[in-house]
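*Asks:* Structure below; questions to follow.
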Amino acid sequence: MYGDPRVIPRQTTPAPEVRARRARWFEYHKPIPLHWSLPLGIAIWVIFFGLWELAAAKNWVNTLFMPPPHRVLSTLYTMIVERGFLTDIGISIYRILASFALACAVAIPLGVLMGSFRTVDAFINPFVSAWRYLPAPAFIPLLLMWFGVGEGSKLALLFIGVIFFLITLIMDHTRAVRAELIETAMTLGASRWQILSTIVLPAVAPKILISMRQMLAVSWTYLVIAEIVASTTGIGAVMMRGQRFLKVDEIMAGIVVIGAVGLAFDYLFRLAQRLLFPYVPREER
């Protein structure tokens, strides 16, 4: 009878194998098996370069301004073997690492202090917030006057490009440390330095590493800008020479190198996080 509570409704739950298949491919916020990560990561690059090669082969694009991948890779090989491009790559990596290390040396303690103590935050945050909205390339004329055309101006531009954002990220992560941990330590009689060194820093350290990884990528985006001004060395300088003589394949070779080196650094940061903080869940890395 309609509405009879004794009537058991028909089950509409999918079969177990269907549920497993859906969970494997399209499940919200669920990690996928490790043996799927590498093939999926490679597949997107195969599709990208395959479409690029196809577009050049079918004359869908002007190969003068969009050379096919095999020509770009051939040019990259020639640049490395015959023109000493590895030296330029090494110089660019040095500039990134030197400026970023200096930015971290300033941003990490400052961001932790701002996130821990409201008085420090009230004093420094208005200054940091104002500078965060200023575009780093706008300082190029001043940096050239202050530091000249040498390494100083390039390192300073890369430093300015990341320092204020890195401070803000670390400050926000420090504020998110669970208050009950700090309150428990205070109840047990811990000093401010003990709380900072044994509670706050260990709790926020994984997030600091994530912030460093994110901002290192931003630093690479400023590299070409830093190296196009009165520079004869580095990846950016090589790309600008290619632009001057309409050698698009050399420009794209430089872009490929920046992407490859940036991807390698990203992997190294992920590896460091797994080794230093193995207790952090995989989805939070």
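We did not get these values from a lab; they are worked out from the coordinates using the rules stated. Everything quoted here is computed from the prediction, not taken from an experiment. Cβ coordinates were reconstructed from backbone atoms using ideal geometry, including for glycine residues, and neighbour counts include every protein chain displayed.
*Asks:* For region 170-196 and region 208-282, compute the distance between their C-alpha centroids and round to whole Å.
*Replies:* Measuring centre to centre over Cα atoms gives 36 Å.
*Asks:* Another one. Under 13 Å from the 7 Å Cα→Cβ point of A203, by amide nitrogen: which residues of region 102-120?
*Replies:* Label zone hits: 115-117.
*Asks:* Can you sort F123, F139 so the residue with the fewest Cβ neighbours within 10 Å comes first? Mind dumping the intermediate values first?
*Replies:* Values: F123 12, F139 16.
Ascending Cβ contact count within 10 Å gives the list F123, F139.
*Asks:* Let me ask something additional. Go through A105, I163, M186 and say which Cα lies farthest out towards the positive end of the charge dipole of the chain; charges sit on Cβ, +1 for Lys and Arg, -1 for Asp and Glu.
*Replies:* Towards the positive end, the residue furthest out is M186.
*Asks:* Find the lysine pairs in the chain meeting two conditions, Cα atoms under 30 Å apart and a separation of 8 or more places or different chains, and report how many there are. Don't skip to the answer; put the middle values down first.
*Replies:* Details: K30/K207; K58/K247; K154/K207; K154/K247.
Lysine pairs meeting both conditions in the chain amount to 4.
*Asks:* Oh, and also: Rounded to the nearest 0.05, what FRET efficiency is calculated for A260 and T187 with R0 set to 51 Å and r the Cβ-Cβ distance?
*Replies:* Working: r = 52 Å, r/R0 = 1.01.
Efficiency, from the Cβ-Cβ distance: 0.50.
*Asks:* Quick one: Karplus J couplings for region 247-253, per residue in order, coefficients 6.51, -1.76, 1.60, θ = phi - 60°, nearest Hz, x for Gly and Pro?
*Replies:* Working through the residues one at a time gives 9, 5, 5, 6, 4, 5, 4 Hz.
*Asks:* A follow-up question, please. Tabulate in residue order the Karplus-calculated ³J(HN,Hα) for region 232-241, using 6.51 cos²θ - 1.76 cosθ + 1.60 with θ = phi - 60°, rounded to whole Hz; enter x for Gly and Pro.
*Replies:* My calculation for region 232-241 gives 10, 10, x, 4, x, 5, 5, 5, 5, 5 Hz in order.
*Asks:* Can you list the chymotrypsin sites (Phe, Trp or Tyr not before Pro) in region 22-100 that are in a DSSP coil and have 16 or fewer other beta carbons within 10 angstrom?
*Replies:* Numbers: sites: W25, F26, Y28, W36, W45, F48, F49, W52, W60, F65, Y77, F85, Y94, F100; in loops: F26, Y28, W60, F65.
Here the chymotrypsin sites (Phe, Trp or Tyr not before Pro) that fit, given the DSSP loop and packing criteria, are F26, Y28, W60, F65.
*Asks:* Separate question: Dipole magnitude of region 73-284 about its Cα centre, charges +1 at Lys/Arg Cβ and -1 at Asp/Glu Cβ only, in debye to the nearest 20? Let's see the in-between values first.
*Replies:* Working: 16 positive and 13 negative charges, 22 e Å.
With only Lys, Arg, Asp and Glu charged at Cβ, the dipole is about 100 debye.
*Asks:* Step through the residues of region 85-101 one at a time and calculate ³J(HN,Hα) from phi using the Karplus curve (6.51 cos²θ - 1.76 cosθ + 1.60, θ = phi - 60°), rounding each to whole Hz and writing x for Gly and Pro.
*Replies:* 5, 4, 5, 5, 4, x, 5, 5, 4, 4, 4, 5, 5, 5, 5, 6, 4
*Asks:* Right, here's the next one. Give me the number: length gained by fully extending L40 to R178, i.e. 0.36 nm times residue separation minus the C-alpha to C-alpha distance, one decimal in nm. Before the final figure, lay out the partial values.
*Replies:* Values: separation 138, 0.36 × 138 = 49.68 nm, distance 3.62 nm.
Additional length available on full extension: 46.1 nm.
*Asks:* Further question on the same structure: Can you compute the FRET efficiency between Y279 and I124 using 1/(1 + (r/R0)^6), with r the Cβ-Cβ distance and R0 = 45 Å? Round to the nearest 0.05. Let's see the in-between values first.
*Replies:* On the way: r = 32 Å, r/R0 = 0.70.
That gives a FRET efficiency of 0.90.
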